1. Please name all residue pairs, on different chains or six or more residues apart, with Cβ atoms under 9 Å, provided the first residue is in segment 27-43 and is touching a residue at least 40 places away in the same chain (Cβ under 8 Å) and the second residue is open to solvent by 60 Å² or more (accessible area, probe 1.4 Å) and outside any helix (DSSP H, G or I).
2. Between a first residue in segment 79-90 that is closer than 16 Å to residue 112 by Cα and a second residue that is in a helix (DSSP H, G or I) and of a type in the set (A, V, I, L, M), which pairs have beta carbons less than 9 Å apart while being 6 or more apart in sequence or on different chains?
3. So how many residues does segment 18-74 have that are part of a strand (DSSP E or B) and farther than 14 Å from residue 87 by Cβ?
Amino acid sequence: MKDSILNVLDDGMAAVMYSLDLSAAFDMLRKDTFVKNLAGKIPANLLNVISDFLSERNFFVNVGESISDTFLLDRGCPQGSVLGPVLFNLYVGEVYQKLPQLVKFIAYADDSYVICSLGNIKSVWTDSHLSNDQIRRLLKKTF
């Protein structure tokens, strides 16, 4: 991240960086949409493993000695697994590819930063707001 900003400044451009809070983002991954988007881009056997990893997941709540019924999760990506952040990055990666070239996106799972760079501070500030709105719309569609 530091190097990205220093490269922009070395090129004589202005930069604005902001952090995106993707709270509960892991819980919003849509398995069907994700698997459909990956189809044809990765081998079918790997796609099946990913689909199985995201399928038929259940949860229950345990408070004291009381245990709730079991419920089926129809969306979300398991957190705490090695594969979870990788799948989440693949899922939102398509959103980031649709951003303007002067917008750099740095992300690992739900920790995301946007760096906008242009010739002067006034234009970069305006464009960073436009990019933020564009990212928000794209994420709304994705989740």
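1. Note: pairs meeting the criteria are 27/75; 27/79; 28/75; 29/75; 30/74; 30/75; 31/74; 31/75.
2. 87/50; 88/25; 90/38; 90/50
3. Final tally of qualifying residues: 14.
Results for (1) modelled with pLDDT of 75 or more; (2) of a type outside the set (Ser, Thr, Tyr); (3) open to solvent by less than 80 Å² (accessible area, probe 1.4 Å); (4) in contact with a Gly (Cβ under 9 Å, 6 or more places away or on another chain), shown as yes or no for each residue.
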| position | (1), (2), (3), (4) |
| --- | --- |
| 51 | yes, no, yes, no |
| 62 | yes, yes, no, no |
| 65 | yes, yes, no, no |
| 77 | yes, yes, yes, yes |
| 80 | yes, yes, no, no |
| 103 | no, yes, yes, no |
| 113 | no, no, yes, no |
| 123 | no, no, yes, no |
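The values are calculated or read from the model by the stated rules, or taken from the named source; none is laboratory data. As the structure is a computational prediction, the values presented were derived from the model and not from experiment. We place every Cβ from the backbone using ideal geometry, glycine too, and count neighbours over all the protein chains shown. Note: accessible area is taken over every heavy atom of the protein model, side chains too, but ligands, DNA and RNA are not part of it. Shrake-Rupley method; radii C 1.70, N 1.55, O 1.52, S 1.80 Å.
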